[in-house]
Amino acid sequence: MKIFRRSDAQYNRDMSGDGGSMTLPAGEPAAGPWTAVSEKALARIVFDAARNSLEGPRIVAVDGRGASGKTTLAERLARQVSHSAIVHTDDVAWNEPFFAWGDLLRDHILNPLRHGKGVLFSPPAWTQHSRDGAIEIAAGLDLVIVEGVGASQRELNDLIDATVWVQSDFAAAETRGIARDLAQGANGDADETIAFWHEWMNEELQFLADQRPWERACVIVAGTPTIPLDADQLAISRALL
């Protein structure tokens, strides 16, 4: 399977001085140095950063580029907080135009949560395309994690208590993202899957270059770690270089 690569001139290379490196799109600063922490310690950092004085749960956005490791990180954080739930922006964005779903997330999910209410929301595209079910989140939770590309878009700042940015090697994320999509069979055969990936990436690169969500992050997590880790650890950075 041949995967198209953009010119090396379009990438920064993160040389963080900790024994590894990442290729990063131009404009995204390299995080570092990286420190190994346990899942429990990271969950405490994020939970404390998301303090709010309102009646709803703490709302944390886990943002990052495609196939960076956002879903896995969200699951690892959620299992450290007993009363928690995860919202996947892919569900909100399903069959919506690229990154044109922020109002759905705001009006039908984040606003009710912020006011201590539960959520039962079937996005309009689900009805239009005969997708069963709904996005359901119980009231009374301690933590809700919203994960996905654009989860922390600035238009939602007033409803997001803390943001985590997942920084990953761009080339490695592309390889595993295409392999994942092929395994799921969601975007056709190999050629169609690769073509869709690059159509998506063209939109994503522009969107994130404008949004710069890493600047809103309370902590940065390595989706493709460059330091040794135990099974229950993650690599984090508190600062951008």
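Structure above, values below:
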{"read-out": "Among residues of the range 179-230, those that are assigned to a loop (DSSP other than H, G, I, E, B) and farther than 18 Å from residue 24 by Cβ, counted", "value": "8"}
{"read-out": "Residues being buried (at least 16 other Cβ atoms within 10 Å of the Cβ) and either closer than 21 Å to residue 63 by Cα or in contact (Cβ under 8 Å) with a residue 24 or more places away in the chain (or both) - total across the range 183-217", "value": "12"}
{"read-out": "Qualifying residue in the range 82-102 (condition: under 17 Å from the mean Cα position of the chain (by Cα), outside any loop (DSSP other than H, G, I, E, B) and either under 18 Å from residue 218 (Cα atoms) or without any contact (Cβ under 8 Å) to a residue 12 or more places away in the chain (or both))", "value": "no"}
{"read-out": "Selection within the range 177-230 - within 21 Å of residue 162 (Cβ to Cβ) and polar (S, T, N, Q)", "value": "211"}
{"read-out": "Residue count, the range 231-241 (criterion: in a strand (DSSP E or B) and in contact with a Gly (Cβ under 7 Å, 6 or more places away or on another chain))", "value": "1"}
{"read-out": "Any hit, the range 127-136, residues being closer than 24 Å to residue 92 by Cα, assigned to a helix (DSSP H, G or I) and in contact with a Phe, Trp or Tyr (Cβ under 6 Å, 6 or more places away or on another chain)", "value": "no"}
{"read-out": "Matching residues, the range 73-127, being small (Gly, Ala, Ser) and at negative phi", "value": "74, 78, 82, 84, 85, 93, 100, 102, 118, 122, 125"}
{"read-out": "Some residue of the range 104-115 being touching a residue at least 60 places away in the same chain (Cβ under 8 Å) and either in a helix (DSSP H, G or I) or more than 24 Å from residue 73 (Cα to Cα) (or both)", "value": "yes"}
{"read-out": "Top-ranked residue of the range 161-182 - restricted to ones that are surrounded by 23 or more Cβ atoms within 10 Å (Cβ to Cβ) and of a type in the set (Val, Ile, Thr), ranked as farthest from residue 111 (Cα to Cα)", "value": "166"}
{"read-out": "Flag if residue 209 is among the small types (Gly, Ala, Ser) and under 18 Å from residue 93 (Cβ atoms)", "value": "no"}
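Where a number appears in this text, it was derived from the coordinates with a stated rule and is not lab data. Remember, it's a predicted structure, so these values are computed and weren't measured experimentally. With ideal geometry, Cβ positions are generated from the backbone for all residues, glycine too; neighbour counts draw on all protein chains shown.
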